[in-house]
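J.: Structure incoming, see below.
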Amino acid sequence: MNPLQPRPTIFVVEEDNNARHVLTKNLRQFGYRLLVAAAVEDAVEWVSGRDYIHADLLLIDLIGKLPEEALTVGQRLRAQAKYDSETPLVVMPEKVAKEVEGTDVNVTANDWICYYQDADQLQQLLFRLLGAT
């Protein structure tokens, strides 16, 4: 990591307490700065209460939501946070079928579904979207 370059910031919305702990630990080890919300309501309150919160990427994992529902929530959050559509959105579904596990699907230009298998997979996707840390 170049010490003169700022580290990318990821806005994480992770509703599962145990998963949030592991995810944020991994993301920090990868070298990212984090803004973390434990629920969508917290994230919405956070972004609507300020003029702007900088994040280079939104990473969302919502309990009990289909990937398409989580994408819609993420797109609304990105708009409310005043991020442009170029800001990547990555959704990690809670439950993953074996046949798609370990794949990343580019749904639209900057919207992704990461069918999470392990930390290496997530790190590679983030590297592609944000560059080196």
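J.: Lys/Arg Cβ at +1, Asp/Glu Cβ at -1, dipole of the chain taken about the Cα centre: which of Gly102, Tyr116, Asn26 is farthest positive-ward?
T.: The one lying farthest along the dipole's positive direction is Asn26.
J.: Now for a separate question. Could you work out what % of the accessible surface of the chain is carbon and sulfur, using a 1.4 angstrom probe and leaving DNA, RNA and ligands out of the count?
T.: Values: 3580 of 7410 Å².
Solvent-exposed carbon and sulfur of the chain make up 48 percent of the total.
J.: Ile60's amide H: which non-local residues (gap 5+, or another chain) put their own amide H closer than 5 Å, with H modeled 1.01 Å from N in plane and none for Pro or chain starts?
T.: Val13, Val90, Val91, Met92
J.: For the chain: lysine pairs with Cα atoms under 25 Å, gap of 8 or more or different chains, count? Working shown, then result.
T.: Working: Lys25/Lys65; Lys25/Lys95; Lys65/Lys82; Lys65/Lys95; Lys65/Lys98.
Going through the chain pair by pair, I get 5.
J.: Still on this structure, please answer the following. Could you list the GluC sites (Glu not before Pro) in segment 32-133 that lie in coil according to DSSP, counting only those with at most 16 other Cβ atoms within 10 Å of their Cβ? Show your work: numbers first, answer last.
T.: On the way: sites: Glu41, Glu45, Glu68, Glu69, Glu86, Glu94, Glu99, Glu101; in loops: Glu86, Glu94, Glu99, Glu101.
Loop-located and lightly packed - Glu86, Glu94, Glu99, Glu101.
J.: Taking loop as defined by DSSP and a crowding limit of 15 other beta carbons within 10 Å, which trypsin sites (Lys or Arg not before Pro) in segment 73-104 fit?
T.: Numbers: sites: Arg76, Arg78, Lys82, Lys95, Lys98; in loops: Lys82, Lys95, Lys98.
Qualifying residues, ordered by number: Lys82, Lys95, Lys98.
J.: Quick check for you: with a 1.4 Å probe and neighbouring chains kept, what is the accessible area per residue of the chain, in Å²?
T.: On the way: 7410 Å² over 133 residues.
Result: 56 Å² per residue.
J.: Compute log10 of I(q)/I(0) for the chain with the Debye formula, placing one identical point scatterer on every Cα and leaving out solvent, at q = 0.13, 0.20, 0.23 Å⁻¹, to two decimals.
T.: For the chain at q = 0.13, 0.20, 0.23 Å⁻¹, log10 I(q)/I(0) is -0.49, -1.25, -1.69.
J.: How large, in Å, is segment 57-133 by the Kirkwood hydrodynamic radius built from its alpha-carbon pairs?
T.: Working: mean 1/r = 0.0792 Å⁻¹.
This gives a value of 12.6 Å.
J.: So, with +1 on the Cβ of K and R and -1 on the Cβ of D and E, and no other charges, what is the size of the charge dipole of the chain about its Cα centre, to the nearest 20 debye? Can you show the working numbers first?
T.: Numbers: 13 positive and 20 negative charges, 89 e Å.
The dipole magnitude comes to about 420 debye.
J.: Still on this structure, please answer the following. Can you list residues from other chains, or at least 5 along the same chain, whose modelled amide H is less than 5 Å from the amide H of Val107?
T.: Close amide H contacts, sequence-distant or interchain: Trp112, Ile113.
The values are calculated or read from the model by the stated rules, or taken from the named source; none is laboratory data. In this text the structure is predicted, and so the values were computed from the model without any measurement. Don't worry about glycine lacking a Cβ; one is built from the backbone with ideal geometry, like all the others, and counts go over all protein chains shown. Only protein heavy atoms, including side chains, enter the accessible area calculation; ligands, DNA and RNA are left aside. Shrake-Rupley method; radii C 1.70, N 1.55, O 1.52, S 1.80 Å.
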